[in-house]
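*Asks:* Structure incoming, see below.
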Amino acid sequence: PGLDGDAIRRRFSESHRRQYEYATDDPVEGVNVRVTALVPSGEKDLPSPPPLPGRGPENRRAFFYGTGWASVPVHSRRGLDAGDTVAGPAIVEDAWSTLVVYPGQALRCDARGLLWMEAT
């Protein structure tokens, strides 16, 4: 339903009265507007990605605050399959990003190929 100026003013005054226990007839100027929207996505189950050939992890030295230098496995993102878990400390790399799995964390690959970082 569309709102005209009088309806907007009336709803503003009602909201102001609820929050501050008073409202006046003074002029009102709208400065900020916050909008919340829920849009049905029609989300469908995505197919599982096909497995991609990868290579086994190599090791690299990395520094972690609180634990210092450590030799950690560096995994190729392409080598992770659904259900795989990488315990920290570790690094997961692909062409676009580097994920650092800190000590006390684990990275999990779900059935859709999405990666989840979780505390252990």
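*Asks:* Given points 7 Å out from each Cα along the Cα-Cβ axis, report the GLU29 to VAL74 separation in nanometres with one decimal.
*Replies:* Taking the simple label geometry, GLU29 and VAL74 are separated by 5.7 nm.
*Asks:* Please determine, in degrees from 0 to 90 and to the nearest 10, the orientation of helix 5-20 with respect to the longest principal axis defined by the Cα atoms of the chain, where the helix direction is its Cα long axis.
*Replies:* It works out to around 70 degrees.
*Asks:* Jot down the per residue volume, in cubic angstrom and as a whole number, of the convex hull over the alpha-carbon atoms of segment 60-105.
*Replies:* Convex hull volume per residue, Cα atoms: 71 Å³.
*Asks:* Below 8 Å, C-alpha to C-alpha, sequence gap of six or more: please give me the relative contact order for the chain in percent.
*Replies:* 15
*Asks:* Further question on the same structure: Arranged from highest to lowest average of other beta-carbon atoms within 10 Å per residue, in what order do the peptides 96-106, 72-82, 57-67 appear?
*Replies:* 72-82, 96-106, 57-67
*Asks:* Shifting gears a bit: Viscosity 0.890 mPa s, temperature 25 °C: Stokes-Einstein D of the chain from its Kirkwood Cα radius, in µm² per second?
*Replies:* 127
Values in this text are rule-based calculations from the coordinates and carry no lab data. Keep in mind the model is a prediction, meaning the values are calculated, not measured. Here Cβ is always computed from backbone atoms with ideal geometry, including for glycine, and neighbour counts include all displayed protein chains.
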